[in-house]
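Enquirer: Next up is a structure, given as structure tokens.
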Amino acid sequence: MRKKITRLAVCSLLFALSLSAQAQQPKKAPRIGYLGATSVSATSDRTEPFRQGLRELGYVEGKNIVIEWRSAEGKLDRLPALAAELVRLKVDIIVTSGPIPTRAAKEATVTIPIVMTQDSDPVANGFVASLARPGGNITGLSTLRPELSGKQLELLKEIVPKLSRVAVFGTSTHPGNAQSLKEVELAARGFGVKLQYLDILDPKDIETAFRAARKGRADAVLFLVAGGVASSGHRTQIVDLAVKSRLPVIYGVPEYVEAGGLMNYGVSFTDLDRRAATYVDKIFKGAKPADLPVEQPKKFEFVINLKTAKQIGLTIPPNVLARADKVIK
């Protein structure tokens with residue numbers, strides 16, 4: 001009897017020690033795969049807000065979370081292989097920096113949750129069934145805001161009172177271009193403005209577009225171009241041609257204004273990147289992408305470059321300057 005009791009005691013002790021050892025084993029840190037089209041260092045203004053959003057929620061890279069950064073370095077044909085690599089690494093979530101990386105991730109997996117930091121039109125692009133009920137493994141944030149183009153045209157009309165013709169630079173092959181153009185056309189009818197659409201499919205088309213805008217007697221340019229043609233490598237060329245053409249141009253991102261462009265009114269991508277972290281947090285806590293509504297932008301940025309205005313002989317009205325979030329002098 002005594003031997004049985006001893007054996008039971010030993011077994012109980014070993015079981016308790018086993019449970020204690022299991023409890024003391026460090027919990028495996030969740031892994032995020034971040035898929036971008038351009039280098040992480042070149043887009044720190046986008047990746048750092050995402051990191052900040054994670055930190056605000058208690059996730060610190062290298063401590064309680066791992067981020068696998070993958071970038072196509074501007075070579076978009078590399079994205080499918082990079083997406084497949086993240087799938088092989090069995091990351092818990094894939095975060096994408098734009099519609100082209102999202103497409104690559106979508107084709108690589110139907111099970112791993114995908115969080116879009118931004119997309120021009122997730123429904124039209126086939127990423128989600130609807131904004132309210134995505135229905136698959138993709139959710140996140142959208143830049144789609146119908147009144148945005150109307151606001152851009154309104155600002156152009158305020159700084160060019162006799163505005164009657166506007167050249168619209170777009171890229172027809174870029175996801176969301178068609179929807180953006182529809183919004184511009186609708187707004188133009190309301191303002192009585194005629195549009196001249198110019199398609200930019202290659203960097204060599206940029207100079208041709210500016211020549212066509214001048215020939216078409218455009219009073220201003222609304223810049224819808226996105227993707228590779230609008231990468232940092234061509235911003236200087238674009239803003240220089242705008243000044244040379246003496247054409248007021250409104251852009252959708254502030255980087256052009258900081259490079260010498262006239263003005264920007266558009267979605268705050270910094271805010272979208274920061275908010276993408278909340279989707280990561282919800283999914284880590286058990287939420288399914290199919291049930292997480294895609295959010296639209298809440299914050300916008302308006303930046304004016306007065307130095308450029310002076311170069312093209314344009315005076316910005318005081319009431320417009322007063323509404324700017326940032327004025328570059």
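Enquirer: crowded, with 19+ Cβ neighbours inside 10 Å and closer than 25 Å to residue 314 by Cβ: does that describe residue 155?
Expert: Yes, satisfied.
Enquirer: Right, another one. For region 161-190, enumerate the residues that are open to solvent by less than 40 Å² (accessible area, probe 1.4 Å) and either among the small types (Gly, Ala, Ser) or in a helix (DSSP H, G or I) (or both).
Expert: Of everything in region 161-190, those that are open to solvent by less than 40 Å² (accessible area, probe 1.4 Å) and either among the small types (Gly, Ala, Ser) or in a helix (DSSP H, G or I) (or both) turn out to be 167, 170, 176, 177, 180, 181, 183, 184, 187, 188.
Enquirer: Moving to a separate point now. For region 207-222, give me each residue that is closer than 16 Å to residue 192 by Cβ and either among the acidic types (Asp, Glu) or at pLDDT below 95 (or both).
Expert: Once the filter is applied, which keeps residues that are closer than 16 Å to residue 192 by Cβ and either among the acidic types (Asp, Glu) or at pLDDT below 95 (or both), region 207-222 yields only 219.
Enquirer: Which one of the conditions (1) in a helix (DSSP H, G or I); (2) closer than 18 Å to residue 118 by Cβ; (3) at pLDDT below 95 does residue 38 fail to meet, given that it meets all the rest?
Expert: The number of the failed condition is (1).
Enquirer: Identify, please: which residue in region 237-280 is of a type in the set (Gly, Ala, Ser), over 14 Å from residue 118 (Cβ atoms) and touching a strand residue (DSSP E or B) at 6+ places or on another chain (Cβ under 8 Å) and is, among those, surrounded by the most Cβ atoms within 10 Å (Cβ to Cβ)?
Expert: For region 237-280, the residue satisfying everything is 261.
Enquirer: If you go through region 286-301, how many residues are open to solvent by 40 Å² or more (accessible area, probe 1.4 Å) and either part of a helix (DSSP H, G or I) or small (Gly, Ala, Ser) (or both)?
Expert: Within region 286-301, residues that are open to solvent by 40 Å² or more (accessible area, probe 1.4 Å) and either part of a helix (DSSP H, G or I) or small (Gly, Ala, Ser) (or both) number 2.
Enquirer: A further question follows. May I ask you to list the residues in region 90-111 that are surrounded by 15 or more Cβ atoms within 10 Å (Cβ to Cβ), assigned to a loop (DSSP other than H, G, I, E, B) and in contact (Cβ under 8 Å) with a residue 40 or more places away in the chain?
Expert: Once the filter is applied, which keeps residues that are surrounded by 15 or more Cβ atoms within 10 Å (Cβ to Cβ), assigned to a loop (DSSP other than H, G, I, E, B) and in contact (Cβ under 8 Å) with a residue 40 or more places away in the chain, region 90-111 yields 91, 92, 97, 98.
Enquirer: Within the group 316, 312, 283, 304, which residue is touching a residue at least 40 places away in the same chain (Cβ under 8 Å) and surrounded by fewer than 18 Cβ atoms within 10 Å (Cβ to Cβ)?
Expert: 312
The values are calculated or read from the model by the stated rules, or taken from the named source; none is laboratory data. Since this is a predicted model, take the numbers as computed values, not measurements. Methodologically, a virtual Cβ is constructed for each residue, glycine included, from the backbone with ideal geometry; neighbour enumeration extends over all protein chains shown. All accessible areas refer to the heavy atoms of the entire protein, side chains included, with ligands and DNA or RNA removed. Shrake-Rupley method; radii C 1.70, N 1.55, O 1.52, S 1.80 Å.
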